[in-house]
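Contents: one structure, followed by commentary.
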Amino acid sequence: MVYPIAKVVLPLIYKLWLRKVEGIENIPKDKPFIVAANHTSYYDALLLPVIIIPRLNKKLHALVNSFYWKIPITGFFLNLWESIPVFLEKDKNSKKKNKIAIEKSLSYLKNNELIMLFPEGTRSDGKLKKAYTGVAKLALKSKALVLPCGIIGSNKVLPKGKIFPRFARCEVKIGKPIYFEKYYNKKINNRLLEEITRSIMKQIAKLINQKYNY
């Protein structure tokens, strides 16, 4: 029920705070994929669904820090959107719980649905941070393509520490899908995951006119 409503409601947000979108033609229409983007604002979590959901008859599930389920209203909406909690190393049984998160993500992708995540794992100050390798692991295990997205100016719409958005506009640039077939028959290890993560982040960096130095 929430997704048909989203197709009507989300474009209203699009018009208010989103100035421009480039690369819409790069959104795959017939395959499941993983959306990977930079992260400078809580508003980022709305921007990509605003663009993708109205154009595809597919669900989009976000990987989100489990902390936000502790806030009742946030947890309610995360469950409504069928988001997937991920856990920090300091969290109890984090490895076991994150394994469940990966398995759930794989199940959604197998069902021709979409996954969205921010490889940096947290909001940056505008400059790209070192990314975690979860996106690479998910791409290899699912054999799904990765859609790199660059978000520019969302931290002006909803800066850190602010509850209500400002009257500013941001941009989203969607890159070409990235395929990783050449890695499918290789043994998954940290070096391989870092290599794939770096290639994804470099594509995101190009979209926002930055360099990824990790």
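Site pair Leu88 and Tyr179 shows an inter-label distance of 4.0 nm when each label is modelled 7 Å from Cα along Cα→Cβ. Name the residue, out of Gly126, Gly134, Gly161, whose mean-square fluctuation peaks in a Gaussian network model built on the chain with Cα pairs under 10 Å. Most flexible of the set in this elastic network: Gly161. Rounded to whole numbers, the Karplus 3J(HN,Hα) couplings from phi for region 100-105 are 5, 4, 5, 4, 5, 4 Hz, using 6.51 cos²θ - 1.76 cosθ + 1.60 with θ = phi - 60°, and x at Gly and Pro.
Evaluated with a Cβ-only charge set (Lys, Arg +1; Asp, Glu -1), region 2-207 carries a dipole of roughly 320 debye about its Cα centre, given to the nearest 20. Annotation for region 90-186: chymotrypsin sites (Phe, Trp or Tyr not before Pro) lying in DSSP loop with at most 15 further Cβ atoms inside 10 Å of their Cβ are Phe167, Tyr179, Tyr184. Cross-link pairs exceeding 19 Å in C-alpha to C-alpha distance, out of Lys58/Lys129; Lys99/Lys137; Lys141/Lys182; Lys29/Lys104; Lys29/Lys130, comprise Lys58/Lys129; Lys29/Lys104; Lys29/Lys130.
Quick one: go through region 107-138 and flag any residue whose amide nitrogen is under 14 Å from the point 7 Å out along the Cα-to-Cβ line of Lys162. Counting only backbone N, you get no residues.
Amide H to amide H distances under 5 Å link Thr40 with Ser124, where only residues 5 or more positions off or on other chains count and H is placed in the peptide plane.
Of all the options Phe33, Phe118, Phe77, the one that moves most in a Gaussian network model of the chain with Cα springs shorter than 10 angstrom is Phe77. Residue pairs exceeding 27 angstrom between C-alpha atoms, taken from Lys90/Lys156; Lys97/Lys127; Lys160/Lys206: Lys90/Lys156; Lys97/Lys127.
For the chain, the residue among Asn98, Met116, Leu46 whose Cα projects farthest onto the positive side of the dipole built from Cβ charges is Asn98. Here the label points at Asn190 and Thr74, each 7 Å from Cα along the C-beta direction, are separated by 3.0 nm in the simple model. In plain terms, the residue of Ile163, Ile204, Ile178 with the fewest other Cβ atoms within 10 Å comes first and the most crowded comes last, giving Ile163, Ile178, Ile204.
Over all Cα atoms in the chain, the spread is summed up by Rg and Dmax: 16.3, 49 Å.
By the helix-only formula, in which each DSSP H run with n ≥ 4 contributes -39500 (n - 2.57) and the sum is divided by residues, the chain has a 222 nm mean residue ellipticity of -12000 deg cm²/dmol. Here's how it looks for Gly23: its modeled amide H is under 5 Å from those of Ile174, which are all 5 or more places away or on a different chain.
Rounded to the nearest Hz, the phi-derived 3J(HN,Hα) couplings of region 39-47 under the Karplus curve 6.51 cos²θ - 1.76 cosθ + 1.60 (θ = phi - 60°) are 9, 10, 7, 4, 5, 4, 5, 8, 4, where x marks glycine and proline.
Express as a percent, rounded to the nearest 5, the fraction of DSSP beta bridges in the chain (both residues included) that run antiparallel.
Values: 5 of 23 bridges.
Once the DSSP bridges in the chain are tallied, antiparallel ones form about 20 percent.
Here the convex hull built on the C-alpha positions of region 143-214 has a volume of 126 cubic angstrom per residue.
Any read-out appearing in this document is the output of simple, stated calculations on the displayed coordinates, not a laboratory observation. This is a predicted model, so every value here is computed, not measured. All Cβ positions, glycine included, derive from the backbone under ideal geometry; neighbour counts span all protein chains shown.
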